[in-house]
Each structure stands twice: as C-alpha cells, then as structure tokens.
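*Asks:* Have a look at this one before I ask anything.
The values are calculated or read from the model by the stated rules, or taken from the named source; none is laboratory data. Please read these numbers as outputs of a predicted model, since none were measured by experiment. Here the Cβ positions follow ideal geometry from the backbone for every residue, glycine too, while neighbour counts run over all protein chains shown. Heavy atoms of the whole protein, side chains included, go into the accessibility calculation; ligands, DNA and RNA do not. Shrake-Rupley method; radii C 1.70, N 1.55, O 1.52, S 1.80 Å.
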Amino acid sequence: MRYDYLTRFWNQYGEGGFKRLVNEGFNCKNNHFNYAPTSTGPGHTSVYTGTTPAVHGIIGNDWFDKELGKDVYCAGDDAYESVGTTSDLGKMSPHRMLTTTITDQLRLHTQMRGKVIGVALKDRGAILPAGHTANAAYWFEGGETGNWITSSYYMDELPQWVADFNASDKVEAYKKPWTTLKPIETYVESGLDANNYEGLQKGETSNAFPHDLPAIWDQNGQFDLIRRSPYGNSITADFALAALEGEDLGSDTITDFLAISFSSTDYVGHFFGVNSKEIEDTYIRLDQDLERILSTLDEKVGKGEYTVFLTADHAAIHVPSFLMDAKIPAGYLDMGGMREKFNTFLQYTYGTTDVVRDLSNYQLFLDHTILANLDIDLDDAQEAIAKELLSYEGIAQVYTAHQMWENEYTKGIPYILQNGYNQKRSGDVLLVPNVGFISYSRTGSTHGSPQIYDTHVPLLLYGKGIQQGSTVNRTEISDIAPTIATLLGIAFPNGTTGQPIGEVLKFD
C-alpha cells in the first residue's frame with residue numbers, strides 16, 4: 001500500500017474505515033522502510049521484529065542459500081507437514097526468522113496465556129507476523145478447495161471453528177463477477193479503465209470492467225483467481241472475524257494479538273498497476289472490510305478496549321510504460337542483454353562464468369572457492385565486478401559486500417542497502433537500478449527497490465493508549481514493534497533496532 005492511497009482515494013472512503021483510523025487515531029505521514037529489498041517476506045518480518053533483514057535474516061521472499069547452494073523460501077520448512085490439505089502448501093514455519101517478534105514477546109510476557117493468531121491469504125503474511133510461539137497461523141490454499149490451512153508446526157489438526165468455516169459456503173459466495181462498487185465514472189482518482197498498462201486475464205478480451213470471474217474461473221486457477229480481486233480481502237476479513245469469535249480473542253484481561261494481512265491489494269497492484277480502476281475499487285472495498293472489522297471489535301471487545309495499527313509490507317512503483325508515455329524518466333532493465341554482456345566480461349576476465357553462483361534480489365553471489373583457486377582476492381573481484389556492472393544501462397549504483405562490512409552508512413541509498421544486508425546470507429555485489437526502472441513485465445506494478453516510491457507506506461495507530469494527531473517527522477518501519485511493546489509494557493523483540501514513537505502514545 002502506497003501512502004498516497006490514503007489521500008488519493010480519501011473522498012471515496014466511508015467514515016468507519018480508513019477515515020476513522022486517521023481522524024480518531026494517529027497518522028505517521030512520513031513513514032518509510034529503511035532497507036531493501038522492499039518485498040513481502042522482509043516487510044512483514046520487519047514490522048513485527050522491530051528490526052531489518054541485517055538482523056532478522058529474512059532478506060527476501062526467496063534467496064540463494066550460500067551454505068545449501070540453492071534457493072530457499074522465507075517460510076518453507078520440510079520438517080513439518082500440511083494441516084487441512086493433502087498438498088505441500090502447509091509445509092511451513094518461521095524457522096528462518098532469526099529474532100523474536102512483538103507477538104513472541106507478548107506470549108513470553110503473559111506466560112503463553114495471551115493468544116496470537118496470524119491470518120493472511122499468503123502463507124508468509126500469516127506466519128512471519130505471528131512469530132515463533134504463535135497459537136496458530138492460517139493461510140488460503142486457493143486452487144480447487146478455497147480452504148484455510150496451516151502447518152503441523154502449530155497443530156496436528158484444524159480447530160473445529162476452522163473446519164466449520166471451510167465447510168461453509170462463505171468462500172464460494174465470492175465466486176461472482178467483479179464490478180465496481182460505485183459507478184465507474186466516479187472513479188476519477190485513477191486512469192482510463194481500458195489501457196495498455198494492465199495485464200489481461202486468461203479468457204478475457206479486455207482488461208476493463210466488469211471482470212466475469214465465474215466465466216474465467218478454471219483458466220485462472222479457480223479459487224486462486226479470487227486472490228487477484230478485492231474479494232480476497234473480504235474473505236480474509238471473514239476469516240479473521242471467525243478467528244476473533246472462535247478463539248475468544250479479547251474476552252479476558254490478558255492481551256491477545258490478531259495479526260491480519262490483506263494480500264489481495266498486492267495481487268491486484270501487480271497485475272493491474274497502481275493507477276488502475278481495479279486498485280481504486282480494491283481499496284474502496286477494503287475500506288468497507290476495515291469498517292466491518294472495527295465495528296465487530298467495538299461490539300465483541302468494546303470500543304476503547306483494543307488497539308490497532310495499520311501499515312504495509314512495501315509500497316509500489318507506477319507502471320514504467322505509463323510513466324514513459326507521460327514523458328517521465330522510467331524504463332525496463334534488459335536483463336537478457338545485461339547477462340550476455342556480463343558473461344562475456346567474466347569469461348574474458350576470469351576465464352570462466354562459474355565465479356558467479358547466483359543473481360537474485362538485485363544481489364550477485366560469487367563463488368568464493370573458485371576465486372580462491374584462481375588466486376583472486378575476493379575484495380578485488382567484488383570491486384572489479386561492481387565497476388563493470390555500473391557501466392550497464394539502467395544501473396544507477398553498485399555496492400560491494402566489502403563496503404557493507406567496512407562502512408557504517410547513515411543516510412541515502414547505501415544506508416537503506418546496509419540495513420537490508422545480512423553478513424551471513426546476503427550477496428557479494430548489490431545493484432541499484434535507475435529511479436523508475438524495474439525488471440518486470442511491461443504491464444502491472446512491482447516493488448523491491450530502495451527508492452522512495454517503494455519505501456513510503458502508511459502507518460496509522462488507533463485505539464487504547466493512542467494519541468489523536470499526526471506527524472510529518474520521519475518514522476521507520478522498525479519503530480512499530482518497540483512502540484507497541486512500550487504501549488503494552490513488555491520487552492522489545494530481541495533484535496530491535498527501531499525506536500518507540502513517543503508522540504503516538506498516551507499514558508493515563
């Protein structure tokens with residue numbers, strides 16, 4: 001969620017969702033990620049650990065594991081089995097996260113009596129926020145079933161309330177056409193409906209509204225199609241409210257924590273772009289889901305008896321092809337051409353391309369053994385390769401692991417890169433594309449860079465212990481967990497590098 005979705009769609013929102021959080025709570029208007037890559041796994045982890053990938057170790061959704069010599073997934077864990085499905089989609093745990101979360105600290109402080117539940121369509125969006133000691137994390141299987149599932153890391157079988165939810169027709173009810181909630185002509189805050197900057201779903205002949213989801217159901221993964229619509233957020237809200245009821249959250253004097261992540265905003269943004277009618281409709285509908293959640297909390301827990309924070313795991317770039325047509329500098333990296341040129345350089349300089357093991361998350365992993373066998377100093381190789389890559393079109397800056405080790409950066413792009421650099425897990429050479437440039441399809445939006453369009457996200461706090469107001473002082477994503485810990489009077493997560501945002505808190 002970009003910060004400007006709050007302001008851009010403001011006039012479309014009702015009074016009980018985003019506006020309630022802003023008007024009655026505290027709005028941190030200059031809130032940023034202070035590291036890269038700005039992607040889902042690191043984002044969720046940083047929100048809840050109060051630190052950055054340099055410390056918590058989740059350096060991407062996937063990354064090249066230097067010890068195993070292969071790519072690993074941030075939440076994948078073959079040591080556990082799926083629960084609620086016969087697929088492998090439940091073989092997950094938070095074991096690659098190296099630090100505690102605010103949710104872990106709540107569990108420790110309350111002697112495991114405070115409940116923690118994580119809910120998201122994406123597994124990593126539920127697992128990482130819920131922490132190592134969670135009662136449960138649940139995610140959406142999609143596909144043929146549309147069921148909510150979990151891992152044997154948490155339990156051996158689904159609770160009855162989850163089984164009942166899966167057996168109901170609540171998810172099936174969203175197998176319906178996607179039309180705009182309001183008349184489309186009132187959606188003046190977004191671009192033309194039919195355009196060249198959005199993806200085209202299988203089975204559709206136009207990327208404009210309406211989207212007949214039942215007609216293209218089987219061609220687009222059945223229930224997976226719902227992820228790429230606002231109905232995915234509504235399903236998440238439905239399940240989160242079922243968790244509130246089924247787990248009796250907030251019903252006693254011991255603090256509980258319900259960690260909800262709305263993943264469909266990301267799916268829609270990736271496919272249709274940040275300037276689409278689809279993204280506007282998705283946020284207008286999400287506003288209603290937020291109102292539904294807040295109203296239920298008022299009823300079940302009591303108004304003034306709960307605290308909410310709302311933020312995002314990253315923001316997103318405008319579709320570069322749209323920017324280019326608007327005469328704004330932007331573009332796409334020619335990764336194929338760069339790779340060909342780079343391989344020629346490696347062959348000429350080192351006699352082999354095997355000195356590079358992997359390229360992922362804009363990081364180059366070198367083979368230290370091969371370099372040693374060639375009697376080539378690692379630092380020299382990093383610098384030579386960095387200088388070569390800096391000469392390529394679309395690359396703005398390049399840094400080496402040696403620089404990350406030797407310096408302590410305090411501002412600018414290198415500061416952001418260093419916060420995302422984990423000495424044991426990250427690569428040898430770090431690339432920064434030009435502002436406005438991405439490695440992606442020519443339709444849809446993406447994220448991952450250290451640039452401000454990917455780092456600037458909302459931070460709204462509301463409810464018990466929260467002041468009413470706003471600030472334009474810079475806050476960083478790692479400040480959230482220590483702020484909540486201070487509010488609760490519990491220990492900070494054990495890797496915390498952020499600071500409590502003092503002006504947010506109200507102490508009676």
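*Asks:* Looking at this structure, is Ile58 over 15 Å from the mean Cα position of the chain (by Cα), not polar (S, T, N, Q) and not in a helix (DSSP H, G or I)? Lay out the reasoning, then the answer.
*Replies:* Values: over 15 Å from the mean Cα position of the chain (by Cα): no; not polar (S, T, N, Q): yes; not in a helix (DSSP H, G or I): yes.
No.
*Asks:* Condition first: of a type in the set (A, V, I, L, M, F, W, C) and touching a Gly at 6+ places or on another chain (Cβ under 9 Å). Now tell me which residues in the stretch 180-217 satisfy that.
*Replies:* Kept after step one, since they are of a type in the set (A, V, I, L, M, F, W, C), are these residues of the stretch 180-217: 181, 184, 188, 192, 194, 200, 208-209, 213, 215-217.
Across the stretch 180-217, the qualifying residues are Ala215, Ile216, Trp217.
*Asks:* May I pose another question? Limited to the stretch 38-63, what total is found for residues that are among the aromatic types (Phe, Trp, Tyr) and open to solvent by 10 Å² or more (accessible area, probe 1.4 Å)? Break it down into steps so the answer makes sense when it comes.
*Replies:* At the first step, the residues of the stretch 38-63 found to be among the aromatic types (Phe, Trp, Tyr) are 48, 63.
Next, only the ones that are open to solvent by 10 Å² or more (accessible area, probe 1.4 Å) stay: 48.
So the count comes out to 1.
*Asks:* Follow-up question, since we're still on this one. Return the only residue of Ala243, Ala215, Ala237 being in contact with a strand residue (DSSP E or B) (Cβ under 6 Å, 6 or more places away or on another chain) and among the aliphatic types (A, V, I, L, M). So that I can check it myself, show each step before the final result.
*Replies:* Numbers: Ala215 fails: in contact with a strand residue (DSSP E or B) (Cβ under 6 Å, 6 or more places away or on another chain); Ala237 fails: in contact with a strand residue (DSSP E or B) (Cβ under 6 Å, 6 or more places away or on another chain).
One residue alone meets the criteria, Ala243.
*Asks:* So, in the stretch 386-401, how many residues would count as being among the basic types (Lys, Arg) and either in a strand (DSSP E or B) or in contact with a Lys or Arg (Cβ under 7 Å, 6 or more places away or on another chain) (or both)?
*Replies:* Here is the first cut: in the stretch 386-401, the ones among the basic types (Lys, Arg) are 387.
Subsequent filtering for residues that are either in a strand (DSSP E or B) or in contact with a Lys or Arg (Cβ under 7 Å, 6 or more places away or on another chain) (or both) retains none.
The total comes to 0.
*Asks:* If you don't mind, another one. Across the stretch 412-452, what is the total count of residues that are open to solvent by less than 30 Å² (accessible area, probe 1.4 Å) and at positive phi?
*Replies:* 3
*Asks:* Collect the residues in the stretch 11-50 that are within 15 Å of Met1 (Cβ to Cβ) and either touching a Cys at 6+ places or on another chain (Cβ under 7 Å) or among the basic types (Lys, Arg) (or both), keeping them in residue-number order.
*Replies:* Lys29
*Asks:* To continue, here is another question. It is to be established whether one or more residues within the stretch 415-426 are in contact with a Pro (Cβ under 6 Å, 6 or more places away or on another chain), modelled with pLDDT of 95 or more and part of a loop (DSSP other than H, G, I, E, B).
*Replies:* Within the stretch 415-426, one or more residues are in contact with a Pro (Cβ under 6 Å, 6 or more places away or on another chain), modelled with pLDDT of 95 or more and part of a loop (DSSP other than H, G, I, E, B).
*Asks:* Go through the residues of the stretch 180-190 one by one and say whether even a single one is outside any loop (DSSP other than H, G, I, E, B), over 30 Å from Gly14 (Cβ atoms) and open to solvent by 30 Å² or more (accessible area, probe 1.4 Å). Please lay out each step first, then the result.
*Replies:* Just the residues of the stretch 180-190 that are outside any loop (DSSP other than H, G, I, E, B), to begin with: 184-186.
Okay, now just the ones that are also over 30 Å from Gly14 (Cβ atoms), so none.
No; the residues of the stretch 180-190 include none that is outside any loop (DSSP other than H, G, I, E, B), over 30 Å from Gly14 (Cβ atoms) and open to solvent by 30 Å² or more (accessible area, probe 1.4 Å).
*Asks:* Can I ask one more? Can you find a residue in the stretch 353-360 that is in contact with an Asp or Glu (Cβ under 8 Å, 6 or more places away or on another chain), modelled with pLDDT under 95 and not in a helix (DSSP H, G or I)?
*Replies:* yes
*Asks:* Among the listed residues Gly469, Gly495, Gly463, Gly502, identify the single one that is more than 16 Å from the chain's Cα centre (by Cα), open to solvent by less than 60 Å² (accessible area, probe 1.4 Å) and either modelled with pLDDT under 95 or within 25 Å of Thr133 (Cα to Cα) (or both).
*Replies:* Numbers: Gly469 fails: either modelled with pLDDT under 95 or within 25 Å of Thr133 (Cα to Cα) (or both); Gly463 fails: either modelled with pLDDT under 95 or within 25 Å of Thr133 (Cα to Cα) (or both); Gly502 fails: either modelled with pLDDT under 95 or within 25 Å of Thr133 (Cα to Cα) (or both).
On inspection, the qualifying residue turns out to be Gly495.
*Asks:* State the number of residues belonging to the stretch 75-93 that are in contact with a Phe, Trp or Tyr (Cβ under 8 Å, 6 or more places away or on another chain) and not aliphatic (A, V, I, L, M).
*Replies:* Summing the residues that are in contact with a Phe, Trp or Tyr (Cβ under 8 Å, 6 or more places away or on another chain) and not aliphatic (A, V, I, L, M) in the stretch 75-93 gives 6.
*Asks:* Right, another one. Show me the helices (runs of 4 or more DSSP H) found entirely inside the stretch 80-179 where at least 3 residues are open to solvent by 40 Å² or more (accessible area, probe 1.4 Å). Steps first, answer last, please.
*Replies:* Numbers: elements: 102-109, 123-130, 160-167.
Passing ranges, in order: 160-167.
*Asks:* Phe365 is checked against (1) among the hydrophobic types (A, V, I, L, M, F, W, C); (2) closer than 28 Å to Val319 by Cβ; (3) not in a helix (DSSP H, G or I) and fails just one. What number does that condition carry?
*Replies:* Tallying (1) among the hydrophobic types (A, V, I, L, M, F, W, C); (2) closer than 28 Å to Val319 by Cβ; (3) not in a helix (DSSP H, G or I), Phe365 fails exactly one: (2).
*Asks:* Another question about this same structure. Given the structure, is Val457 in contact with a Leu (Cβ under 7 Å, 6 or more places away or on another chain), open to solvent by less than 30 Å² (accessible area, probe 1.4 Å) and modelled with pLDDT of 95 or more? Outline the logic, then answer.
*Replies:* On the way: in contact with a Leu (Cβ under 7 Å, 6 or more places away or on another chain): no; open to solvent by less than 30 Å² (accessible area, probe 1.4 Å): yes; modelled with pLDDT of 95 or more: yes.
No: the conditions fail for Val457.
*Asks:* Considering only residues that are within 36 Å of the chain's Cα centre (by Cα) and loosely packed, with under 13 Cβ neighbours inside 10 Å, which ones fall in the stretch 355-374?
*Replies:* Thr369
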